[in-house]
Every structure is written in C-alpha cells, then in structure tokens.
C-alpha cells in the first residue's frame, strides 16, 4: 500500500514544500505516478458518483476555462493515464478523427473529438447520472484524485479556472472558483508570507518541472467528502469529522499528496489532490512517528488549531497520544 508521512521534522509548517515529481518516498513506481490507483478505487469512485448525483455544481465548477487550456489538460490527463496504467486505460484513434478512451475500471468508453471535446460515453452498466457534462468531468470521475486547474493571463493575473472536488476537506469548489492564488489562501492560518509571493508561486507552478507536495490534518473519520455544506440527511457532527472522543478514540491522519504539473505553452497548471488516511492508533504504536505527531501538534499556533478544527480537541488528543 502507498504510504506517506509528511511530519518527518516534527513541525506543523505552512510552506510551499515542493519537491521534484518522482522523488522517492518509498512507494516504488507509485511515487512516479500522477494518478495513483489502488485497491480502494471502488470506494473513491462510489463517493465521486454520490457527490455528483447530490448536486454536480457543488463539486464541479469552471470559470473562464478556455478551450486551449481544457484541451491541454485533457491531453495531459489521458497521456498520464495511458502511460501509468496501460492495463486500465487505452486510447483508440478512429479514421474520422474521433478518439476513444477505453476505461476498464469503470467499463466506460469516452468518445472525444480531435480537440478532446466530449462527444458521448458508452457503458456496459448503468449510465452515470447526471451524465458527464465535459471531458474534465468524465476524466476526473475515472481517478482517485481531485483536480484543480489554475490559469494565467498575459498581464500576469491568475485565477482558478476549473475545480473537480468530490473529496473536499472543509472547503468548496463554489467558494474558490475564479479567485486568484492569494484570495484562495487568505483564510489559511500561517499563509501570510506565502500570499505575499502569490504571483511568484503561480509562476513556479506553471513554468517549472512537475512537483509534488504534501498537506496533512487530523480527522475522526475516514469520510472522503467533508464539504462545508453537509450532504442531505447527514448530521452536522458526522459531516465535520472533527469531534474527538478520548473514550472512543477514533483518529486518522488525513494526508493529501498534491501534484503540480505546469503547462507553460498555455499559461496554466493542473493541481491534483490525492487523499490518504492513516489510523493514528497504528501511528501511536511507532514510537518515532508518535513523537513526531505529538511534536507537530504542539507546534501549531492557536490560529492553525482553529483553522484545522483542533482547538477543542488538541489537549484530549495529546493526552491520548502520550498515554
């Protein structure tokens, strides 16, 4: 199983933390994949379908998402899928310039024109509902990552042009779409210095070679969808996943592996988010990892604790970890 532990220095830090894509984290070929597919694919797919069926625009938004950028993003995703997972994805080119992406994990065939516009989808099982409304929507529903696209104009302004976010961690696509880097991250505690370099960071994302970074937090469940607006008929305490009970200590390290792949030819970048969970009860058994987690929690500022939803749970969590 692919595993990451982004707390090696025992500190909670808000920084770019970008390292070259493909860096070795001990996960063999998975570290060199943009799209990581594992034995949990069915659960991730089920959650994406459930999110889309609840209300598609709640999880998928675009803003000034140009055809040029959309074509480049689709081409990149398909190229990586067919390269990284040829047993699951094959691209067929017909004589009439139609492309067919064969997706064996979902038994779907995605038909595209020469510019990667979505034409139709064929399936051997019950069709997805609602039907895919774009190529990005169709492709994002074939993978275990959420996908964000950032675009930049010739005058240097930048904005989030597409978000397919079925596994939100207390943020929403509707709240971020169309905003620039600085505006998006203004609510994040500890982002002040990075926000002052917002344009420079976006330039790095677009013009540099592909990179990977990690983010982490703590959750009392392994639900993938923690949208700030709870799905219908879901109790608010359940949807938040942030109420720690020391008498029933369910706690998980929620890790995000984020891949940034720039497309300088069209002044854009794709930003993928793959969510993993590690049971803190297992981390607790490893003396080194436990101490690093304790140290990282203790290093969090009051603002960071509030932002991460840990202000009330900090002390009970530390008491449990140190027991």
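Is at least one residue of segment 224-243 in contact (Cβ under 8 Å) with a residue 12 or more places away in the chain, over 23 Å from residue 173 (Cβ atoms), surrounded by fewer than 18 Cβ atoms within 10 Å (Cβ to Cβ) and in contact with a helix residue (DSSP H, G or I) (Cβ under 9 Å, 6 or more places away or on another chain)? There is at least one residue in segment 224-243 that is in contact (Cβ under 8 Å) with a residue 12 or more places away in the chain, over 23 Å from residue 173 (Cβ atoms), surrounded by fewer than 18 Cβ atoms within 10 Å (Cβ to Cβ) and in contact with a helix residue (DSSP H, G or I) (Cβ under 9 Å, 6 or more places away or on another chain).
For segment 149-168, a residue qualifies if it is crowded, with 21+ Cβ neighbours inside 10 Å and more than 15 Å from residue 270 (Cβ to Cβ), and the qualifying residues are 166, 167, 168.
For segment 86-100, the count of residues that are out of contact with any helix residue (DSSP H, G or I) (no Cβ under 6 Å at 6 or more places or on another chain), surrounded by fewer than 17 Cβ atoms within 10 Å (Cβ to Cβ) and assigned to a helix (DSSP H, G or I) is zero.
Rundown of residues vs (1) outside any strand (DSSP E or B); (2) within 30 Å of residue 267 (Cβ to Cβ), yes/no style:
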{"site": "48", "(1), (2)": "yes, yes"}
{"site": "72", "(1), (2)": "yes, yes"}
{"site": "114", "(1), (2)": "yes, yes"}
{"site": "119", "(1), (2)": "no, yes"}
{"site": "131", "(1), (2)": "yes, no"}
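If you filter segment 177-187 down to residues that are without any contact (Cβ under 8 Å) to a residue 40 or more places away in the chain and more than 18 Å from residue 256 (Cα to Cα), you find that the one that is surrounded by the fewest Cβ atoms within 10 Å (Cβ to Cβ) is 186. Among the residues here, residue 146 qualifies as in a strand (DSSP E or B), touching a residue at least 24 places away in the same chain (Cβ under 8 Å) and crowded, with 18+ Cβ neighbours inside 10 Å.
Laboratory data are not the source of any read-out in this text; all were calculated from the coordinates shown. Being a predicted model, the structure only gives us computed values, none of them experimental. Neighbour counts are summed over all protein chains in view; Cβ atoms, including those assigned to glycine, are modelled from backbone coordinates with ideal geometry.
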